Amino acid sequence: SSALVWFRRDLRCDDHAALYHALRRHARVFCAFVFDTDILDALPARHDRRVEFIHASVLALDAGLKALAAESGAPGGGLIVRHGVATECIVALARSLGVNEVLVNRDYEPAAIARDRQVKRALDEAGIVFSDYKDQVLLDRNEVLNGQGLPYSVFTPYKRAWLQQLDAFQLRPYPVARHARHLAAVPDADTAGAMPSLADIGFERTNLAELPLPAGMAGAQTLLQDFLPRMAAYGVARDYPARKGVSYLSTHLRFGTISIRRLAAQAHEQARQGSEGAQIWLSELAWRDFYFMILWHHPRVVEASFRPEYDQVQWDEAPELWDAWIGARTGYPLVDAAMRQLHQSGYMHNRLRMVVASFLTKDLGIDWRRGERHFAEHLNDYDLAANNGGWQWAASTGCDAQPWFRIFNPITQSQKFDPDGRFIRRYVPELARVPDRHIHFPAAMKPLELQACGLQLGQDYPLPVVDHALARARTLMRFEGLKK
Ligand code: FAD
């Protein structure tokens with residue numbers, strides 16, 4: 001029998017659930033990736049770091065599959081690559097290859113679920129089996145349930161149950177290489193067409209090559225090797241954006257160039273040996289599973305607040321404040337530095353995501369959905385589940401969100417997490433000469449102090465667009481009103 005493995009957000013050939021099951025059950029296994037025009041054509045810009053990252057990772061996957069086949073003496077290996085409407089391409093390919101089964105790793109986003117349903121229906125009609133597997137997450141949507149057998153909506157008890165269930169069996173990698181001899185050669189018709197270039201799929205180069213984000217499976221390994229010795233210090237270092245405290249693996253996790261099981265197994269082992277940093281990092285991976293689970297059970301969160309009463313919040317239009325936020329000209333240096341980091345690199349440190357999301361919703365009074373969409377356009381690691389969860393957490397509209405009356409102060413956050421302004425100076429060089437004690441809020445400087453560092457507020461750097469104390473009071477009223 002033969003099968004087709006359809007790669008999507010799982011661009012690796014190591015520890016891969018669908019690939020393993022296909023190779024174990026079928027004599028000939030074809031592998032395919034589609035540059036899906038339904039997704040690509042909807043992107044707002046023709047230069048998108050994510051598309052370039054995916055393109056490079058697909059090339060690497062093709063090479064990886066060929067190497068895997070060569071090692072096991074299989075005749076071919078490699079990836080069939082198409083550019084078109086994925087639902088049509090996959091069905092047509094499965095039919096023309098004459099396979100018995102199409103295998104994928106499960107996706108939890110509503111649009112992907114609808115796409116897969118459509119493909120399954122078409123394949124059913126053609127007598128081809130469609131199967132999906134848990135691979136993206138450690139524990140699946142219905143694997144962690146409370147005492148009543150229902151999904152959790154609060155993180156802490158979820159995490160407790162999640163940690164209890166995360167055992168050696170769940171962390172065991174799928175031994176793909178053991179069965180690689182079943183990899184089929186790419187048909188001649190497809191080798192002739194070869195791999196489309198970035199230009200062929202309608203995209204331009206970005207500054208990806210200048211960023212510390214090497215693509216593909218090898219890129220993920222480079223970042224992992226860099227992080228492993230730092231994992232023990234994660235608990236302390238992770239909150240300081242100027243320090244190299246986090247793993248920077250999120251884009252690789254997003255596109256599956258590294259296996260979540262392999263990562264969790266490393267953290268699990270270090271945690272077992274007493275590393276507090278590893279224990280905390282493992283909890284971050286639990287957040288990731290948590291938000292996938294929430295999205296799957298509550299797809300309405302894509303547009304609506306998790307807690308429906310918060311959909312009555314009256315947000316402001318505030319076009320000038322919105323422009324200041326996206327233009328990194330709010331007069332709050334940490335917020336502006338964070339937004340510049342996002343636009344220049346496609347990455348933003350987690351602490352800063354919380355700060356700027358809180359600032360947009362609680363200081364500027366703007367709907368979290370607008371901020372969420374802006375992140376969706378710019379984040380290299382953009383993931384609907386985590387992004388939606390993070391925004392609703394910051395806006396206090398989500399499950400287990402921060403309480404609405406606890407509002408981040410952008411100045412004290414800056415003093416605490418960028419005490420010497422090192423991060424601010426990296427992205428807001430116009431403040432380079434401002435002394436440490438004023439870097440968090442230059443608007444508080446006296447005329448002589450401004451003169452001493454040659455800074456003209458309102459000209460070199462903007463005056464604050466809102467007064468935090470007043471904005472805070474307005475937000476409290478905005479939320480308090482809901483109770484009436
Ligand atoms: P590390 O600190 O090294 O964490 C390791 C991994 O754990 C991450 O790569 C990620 O996969 C996962 N993780 C960590 N924190 C979270 C979290 N709070 N929720 C879910 N998963 C988490 N993460 C995304 O992957 N995509 C997003 O689109 C996204 N949007 C966010 C928006 C907001 C407003 C907020 C507050 C957070 C968002 N996050 C998102 C979560 C988090 O900020 C990033 O995962 C993290 O900054 C990525 O950097 P890292 O890989 O170095 O993380």
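Values in this text are rule-based calculations from the coordinates and carry no lab data. The structure displayed is predicted, hence computed values, not measured ones. So basically every Cβ, Gly included, is an ideal-geometry build from the backbone, and we count neighbours across all protein chains shown.
Check HIS47: other-chain or 5+ apart residues with amide H under 5 Å from its amide H, H built from backbone geometry?
GLU204
What ranking of GLU101, GLU480 emerges when the number of other C-beta atoms within 10 Å of each C-beta is taken as an exposure proxy, fewest first?
Fewest to most other Cβ atoms nearby, the residues stand as GLU480, GLU101.
Which percent, to the nearest 5, of DSSP beta bridges fully inside the chain are antiparallel?
Looking only at bridges with both residues in the chain, the antiparallel portion is about 5 percent.
Given +1 on the Cβ of Lys and Arg, -1 on the Cβ of Asp and Glu, and no further charges, what dipole in debye does the chain carry about its Cα centre, rounded to the nearest 20?
Rounded to the nearest 20 debye, it is 1040 debye.
Using the Kirkwood formula on the Cα atoms of the range 227-279, what hydrodynamic radius do you get, in angstrom to one decimal? Provide the component values of the computation, followed by the final result.
On the way: mean 1/r = 0.0866 Å⁻¹.
With all distinct Cα pairs of the range 227-279 included, I get 11.5 Å.
Measure nothing fancy, just the Cα-based angle from helix 368-378's long axis to the longest principal axis of the chain, in degrees from 0 to 90, nearest 10.
Once rounded, the angle reads 60 degrees.
Under 5 Å between amide H atoms, partner at least 5 residues away or on a different chain: which partners does ASP316 have, H built in plane at 1.01 Å?
Residues meeting the amide H criterion: ILE366, ASP367.
What is the diffusion coefficient of the chain in µm²/s, taking the Kirkwood radius over Cα pairs and the Stokes-Einstein relation at 4 °C with a viscosity of 1.567 mPa s?
Roughly 54 µm²/s, to the nearest whole number.
Sorted from largest down, give the three principal axis spans of the alpha carbons of the range 89-242, whole angstrom values.
The Cα atoms of the range 89-242 stretch 54, 49, 34 Å along the principal axes, largest first.
At a temperature of 10 °C and a viscosity of 1.306 mPa s, determine how fast the range 339-379 diffuses translationally according to Stokes-Einstein, using the Kirkwood radius over alpha-carbon pairs as Rh; express D in µm²/s, rounded to the nearest whole number.
Working: Rh = 10.2 Å.
Translational diffusion coefficient: 155 µm²/s.
Provide, in order from the shortest bin, the percent of all Cα-Cα pairs of the range 225-340 in each 10 Å bin, continuing until the bin that contains the maximum pair distance.
Percent of Cα pairs in each bin: 11, 27, 28, 26, 7, 0.
Within the chain, count lysine pairs with alpha carbon atoms under 22 angstrom apart where the residues are 8 or more positions apart or belong to different chains.
Pairs that pass both the separation and distance tests number 6.
With a bin width of 10 angstrom, please list the P(r) values of the range 308-483 as percents of all Cα-Cα pairs, from the 0 bin to the one holding the largest distance.
10, 39, 35, 13, 2, 0
Quick one: which of 258-266, 199-207, 175-183 comes out on top by average Cβ neighbours within 10 Å, and what's the full order, highest first? Spell out each step's value before the answer.
Values: 258-266: 20.1, 199-207: 14.2, 175-183: 18.3.
Answer by packing, highest mean first, reads 258-266, 175-183, 199-207.
Could you give the dipole magnitude of the range 143-246 about its Cα centre, charging the beta-carbon of Lys and Arg +1 and that of Asp and Glu -1, in debye to the nearest 20?
For the range 143-246, the charge dipole is close to 600 debye.
Which value, in Å³ per residue, describes the convex hull spanned by the Cα atoms of the range 1-135?
For the range 1-135, the hull spanned by Cα atoms encloses 103 Å³ per residue.
For the range 93-146, build the convex hull from the C-alpha positions and give me its volume per residue in Å³.
Convex hull of Cα atoms, per residue: 94 Å³.
Let me know the charge dipole size of the range 358-484 about its Cα centre in debye, to the nearest 20, where only the beta-carbon of Lys, Arg (+1) and Asp, Glu (-1) is charged.
About 420 debye.
If you consider only alpha-carbon coordinates, what radius of gyration and Dmax does the range 318-362 have, in Å?
Spelled out, the Cα radius of gyration and Dmax of the range 318-362 are 9.6, 27 Å.
Pairing the Cα long axis of helix 384-394 with the longest principal axis of the chain, what angle in degrees results, from 0 to 90 and rounded to the nearest 10?
20 degrees
Of the options VAL58, THR37, SER72, report the single residue whose Cα projects farthest towards the positive end of the charge dipole of the range 1-91 (beta-carbon charges: Lys, Arg +1; Asp, Glu -1).
In the range 1-91, that residue is SER72.
If you fit an axis through the alpha-carbon atoms of helix 155-165 and take the longest principal axis of the Cα set of the chain, what angle between them do you get, 0 to 90°, nearest 10?
For helix 155-165, the angle is close to 30 degrees.
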